[in-house]
Amino acid sequence: MSQCIGLLPAAGLGSRLAPFRYPKELMPIAFSLSGENSLPHPRLAIDFSLEAMRAAGVKRALVVISDLKVEIMRCLGNGGNHALDLCYIHQSVPVGLADAVDHCFEWTKGQQVCLALPDTIVRPINAFATLCAENLRVPCDLHLGVFPTEHPERFGPVRFDPSGRVMEVLEKPKRTEVMNTWGIAVWSDRFSEFLHGALSKDPGARSQSVGLLFNRAVAEGLTVNAVYFSTGTFLDLGDPANIGSVIIPKESQHEPEKSAPVSIA
């Protein structure tokens, strides 16, 4: 994974959480007991994405921020506290997720990219490591980590066959029988080139969800596979319906010892 670079788009406005105006990626959603006196230290929403990347062997990551999100850079610094080298990409106007990804094009060319949404939590904690390992075992242009959900209309359901080959990626469908959503992704340089070319030809697509570009890649013949975590979970912390009942369980060796789960009421 030495040639794999992480990508965390964190420039969004978080309008669903209004009037809350602090970066949602910096919400403290759990506390870990550490130090000689086992004092509680807050764990931020974005910490879980960074830890998942590190557990997958990622050593460097790009964080996309806007003018209103510079606090993220102050809090995370150079990434030393997460054993990662972090670099910040400026997206002056948070147009959309596809545009945020393309802002990193010059930095990701020629490399595998690991995409995590820094206002989400996925389980199991080793989902990213599993997806990266599968991408090494069966190389393709795009690998999607897919998780069950009871509310596919809020997310990006993925239709795939028994072998894992993706046939369609939906975007917040009004009705669907596909009860899942993609939550993480790993892709090759070919997909980066594809996305960059698509947005160059159609600037209007910059405001789209990157999921629509995933579906376009399928339609245009790129190899797209899914890894389905049938007992996993995908939690969107940008949704007010979720953050009122967040519980972080004690988990694996990749998380700090003596993790103290809390419920945010």
(request) Take the range 159-183 and flag every residue that is in contact with a Ser or Thr (Cβ under 7 Å, 6 or more places away or on another chain) and either among the acidic types (D, E) or crowded, with 17+ Cβ neighbours inside 10 Å (or both). (result) L170, E171, N180, T181, G183
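Give V101, V70, V95, V58 a once-over and let me know the one that is out of contact with any Cys (no Cβ under 9 Å at 6 or more places or on another chain) and either assigned to a loop (DSSP other than H, G, I, E, B) or acidic (D, E) (or both).
Working: V101 fails: either assigned to a loop (DSSP other than H, G, I, E, B) or acidic (D, E) (or both); V70 fails: either assigned to a loop (DSSP other than H, G, I, E, B) or acidic (D, E) (or both); V58 fails: out of contact with any Cys (no Cβ under 9 Å at 6 or more places or on another chain).
It is V95.
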(request) Please go through the range 206-228 and pick out each residue that is touching a helix residue (DSSP H, G or I) at 6+ places or on another chain (Cβ under 8 Å), surrounded by fewer than 19 Cβ atoms within 10 Å (Cβ to Cβ) and farther than 19 Å from K109 by Cβ. (result) S207, S209, L212, R216, E220
(request) May I ask you to verify whether P148 is farther than 29 Å from Q91 by Cα and surrounded by fewer than 20 Cβ atoms within 10 Å (Cβ to Cβ)? (result) yes
(request) Identify all residues within the range 239-251 that are surrounded by fewer than 19 Cβ atoms within 10 Å (Cβ to Cβ) and at pLDDT 55 or above; write none if there are none. (result) D239, P240, A241, N242
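Scanning the range 202-221 for residues that are over 21 Å from the mean Cα position of the chain (by Cα) and part of a loop (DSSP other than H, G, I, E, B), which turns out farthest from P94 (Cα to Cα)? I'd like the intermediate steps shown before the answer.
As a first pass, look at the range 202-221 and keep what is over 21 Å from the mean Cα position of the chain (by Cα): 202-204, 219-221.
Within this subset, residues satisfying the condition of being part of a loop (DSSP other than H, G, I, E, B) are 202, 220-221.
Working: D202: 17, E220: 27, G221: 29 Å.
Applying the filter and picking the extreme gives G221.
Quick grid of which residues meet (1) modelled with pLDDT of 90 or more; (2) among the charged types (D, E, K, R); (3) within 13 Å of the chain's Cα centre (by Cα):
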| site | (1), (2), (3) |
| --- | --- |
| S34 | no, no, no |
| L50 | yes, no, yes |
| A61 | yes, no, yes |
| K69 | no, yes, no |
| V101 | yes, no, yes |
| T108 | yes, no, no |
| V138 | yes, no, no |
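Right, P118: closer than 15 Å to V210 by Cβ, modelled with pLDDT under 95 and either out of contact with any Phe, Trp or Tyr (no Cβ under 9 Å at 6 or more places or on another chain) or part of a strand (DSSP E or B) (or both) or not? Walk me through it before giving the result.
Values: closer than 15 Å to V210 by Cβ: yes; modelled with pLDDT under 95: yes; either out of contact with any Phe, Trp or Tyr (no Cβ under 9 Å at 6 or more places or on another chain) or part of a strand (DSSP E or B) (or both): no.
When the stated conditions are applied, P118 does not pass them.
The values are calculated or read from the model by the stated rules, or taken from the named source; none is laboratory data. Quick caveat, the model's predicted, so the values are computed rather than measured. A quick note on method: Cβ atoms are made from the backbone with ideal geometry, for glycine too, and the neighbour counts reach across all protein chains shown.
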